[in-house]
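Engineer: The structure follows.
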Amino acid sequence: MRQVVVGSADDIRIEDVPWPAAPGDGQVLVRSALVGICGSDLHACAGHHPFIDLPYRPGHEVVGAVGAVGPGVDGFAEGDRVVLEPNVVCGKCRQCLDGRYNICRELAVIGCQTPGGMADAFLVAADRLHRLPAEVDNTLASLVEPLATPVHAVRRSGIGPGSKVAVLGAGPIGLLVLVAARAAGATEIVVTDVLPGKLERARKLGAAAALDATGPDLLDVARGALGDAADVVFDCVANQASMGQALELVDKGGTVVVVGVAAGPTTVGLHLVQDREITVLGSLMYTREDMSRAISLLASGAVTADDLVTAVFPLAEAARAFAAARDPEQIKVLISVDSS
Ligand SMILES: [Zn+2]
Ligand SMILES: [Zn+2]
């Protein structure tokens, strides 16, 4: 079968590898249908991802169909449409026992630290799969995993009805934080980015204001649009400039949630964190309940595939797909695995 291997940004190739063995105890063979390219894949192929070593075999945003079911697997049958939850966890550490297995001490991610689903098929433990309802077609389902991260971040932030929110960065994660924050009841939401096309998408998805992140009076304009400082700021960029803006936009006693993957150490205005009692929270991936919530949000029509999916390439053109995904005007680029 075919499997994508990434050696660097200029070395994205398709290897011919053996088909997976028959599924063992508790395992399912999944035939991939659509696989998303994530911001973390772009960091990884550029050699900038702090936790992905090259070469690697990508594919953690996977929609597919059950091809075969191993012994002892209940609840899945051949042909079921599924989405992958790529966390691989120990189940024994303190974090796992507390239900926070997204930060398991032994965490590995399928398609990051272990071979992923950007291939004709892959084997996975049945408990890493979620069945898709009929209302969520495969293209829409490609947003389940990307939406689960924002759902988790919003849950950690504690926002609720009436919250005032700022979202820094209007890539796929920022736009989906906007969707998840609205669903959680946030009323005023301001989004910032440097690209007009992304700001336009944020407006369409219900942002009260979508502002140029480099505008000279950004902080004043953002506060004006919110009518106040923000209760919560989601930093989906996670660089020096965005962290500085986050600490200035958030209200005294408010919360900054770091959702973006920072390339390395970043200076944080600790004097503001202390003086204003600002809570700075990290947010990593999601757990099963966040994935389930993402599926029901998509089933409810909170966002459509057209709002985010900007290109689909066949698996054979994986290198072109990665090149397209590097174009900042793109939002979500998918690879379609047509194994015919
Ligand atoms: Zn991802
Ligand atoms: Zn664990």
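The values are calculated or read from the model by the stated rules, or taken from the named source; none is laboratory data. These numbers were taken from a predicted model, which means no experiment stands behind them. Every residue, glycine as well, gets a Cβ built from its backbone with ideal geometry; the counts of neighbours run over all protein chains shown. For the accessible areas, the whole protein counts, side chains as well, though only heavy atoms, and no ligand, DNA or RNA atoms are used. Shrake-Rupley method; radii C 1.70, N 1.55, O 1.52, S 1.80 Å.
Engineer: Would you check if there is a residue in segment 239-250 being open to solvent by less than 60 Å² (accessible area, probe 1.4 Å) and over 28 Å from PHE51 (Cβ atoms)?
Structural biologist: Taking segment 239-250 first, the residues open to solvent by less than 60 Å² (accessible area, probe 1.4 Å) are 242-247, 249-250.
Now restrict to residues that are over 28 Å from PHE51 (Cβ atoms): 249.
So far as segment 239-250 goes, yes, one or more of its residues are open to solvent by less than 60 Å² (accessible area, probe 1.4 Å) and over 28 Å from PHE51 (Cβ atoms).
Engineer: Of everything in segment 58-97, what is under 22 Å from TYR286 (Cβ atoms), away from ligand 2 (no atom under 16 Å from the Cβ) and open to solvent by 50 Å² or more (accessible area, probe 1.4 Å)? Give them in sequence order.
Structural biologist: ARG81
Engineer: May I pose another question? Scanning segment 279-294 for residues that are among the aliphatic types (A, V, I, L, M) and open to solvent by less than 20 Å² (accessible area, probe 1.4 Å), which turns out farthest from ALA125 (Cα to Cα)?
Structural biologist: From segment 279-294, those among the aliphatic types (A, V, I, L, M) are 280-281, 284-285, 291, 294; that's our starting set.
Going one step further and asking which of them are open to solvent by less than 20 Å² (accessible area, probe 1.4 Å), we end up with 291, 294.
Numbers: MET291: 16, ALA294: 21 Å.
Once the filter is applied, the top-ranked residue is ALA294.
Engineer: While we're looking at this one, here's another question. Taking only segment 1-59 into account, find how many residues are within 16 Å of ligand 1 (Cβ to nearest atom) and assigned to a strand (DSSP E or B). Full working, then the answer.
Structural biologist: Step one: filter segment 1-59 for residues within 16 Å of ligand 1 (Cβ to nearest atom), giving 4, 6, 32, 34-46, 48-52, 56-59.
Narrowing further to those that are assigned to a strand (DSSP E or B): 4, 6, 32, 34-37, 56.
Qualifying residue count for the region: 8.
Engineer: Exactly one of (1) within 16 Å of ligand 2 (Cβ to nearest atom); (2) surrounded by fewer than 16 Cβ atoms within 10 Å (Cβ to Cβ) is unmet by LEU107. Its number?
Structural biologist: (2)
Engineer: Have a look at GLY215, GLY227, GLY158 and point out the one that is away from ligand 1 (no atom under 16 Å from the Cβ), over 21 Å from VAL303 (Cα atoms), surrounded by fewer than 19 Cβ atoms within 10 Å (Cβ to Cβ) and free of Cβ contacts under 8 Å to residues at least 12 places away in the same chain. Outline the logic, then answer.
Structural biologist: Numbers: GLY227 fails: free of Cβ contacts under 8 Å to residues at least 12 places away in the same chain; GLY158 fails: free of Cβ contacts under 8 Å to residues at least 12 places away in the same chain.
The unique qualifying residue is GLY215.
Engineer: Tally up the residues in segment 112-147 that are touching a Leu at 6+ places or on another chain (Cβ under 9 Å) and closer than 25 Å to TYR56 by Cβ, please.
Structural biologist: Residues in segment 112-147 being touching a Leu at 6+ places or on another chain (Cβ under 9 Å) and closer than 25 Å to TYR56 by Cβ: 21 in total.
Engineer: Could I ask something else about it? Suppose we filter segment 189-199 for residues that are open to solvent by 60 Å² or more (accessible area, probe 1.4 Å) and over 14 Å from PRO328 (Cα atoms); how many remain?
Structural biologist: Count: 0.
Engineer: Could you please find all residues in segment 110-128 being more than 16 Å from ligand 1 (Cβ to nearest atom) and surrounded by fewer than 22 Cβ atoms within 10 Å (Cβ to Cβ)?
Structural biologist: Hits for segment 110-128 are ASP120, ALA121, LEU123, ALA125, ALA126, ASP127.
Engineer: Out of (1) within 18 Å of the chain's Cα centre (by Cα); (2) open to solvent by 70 Å² or more (accessible area, probe 1.4 Å), what's the single condition that is false for VAL35?
Structural biologist: (2)
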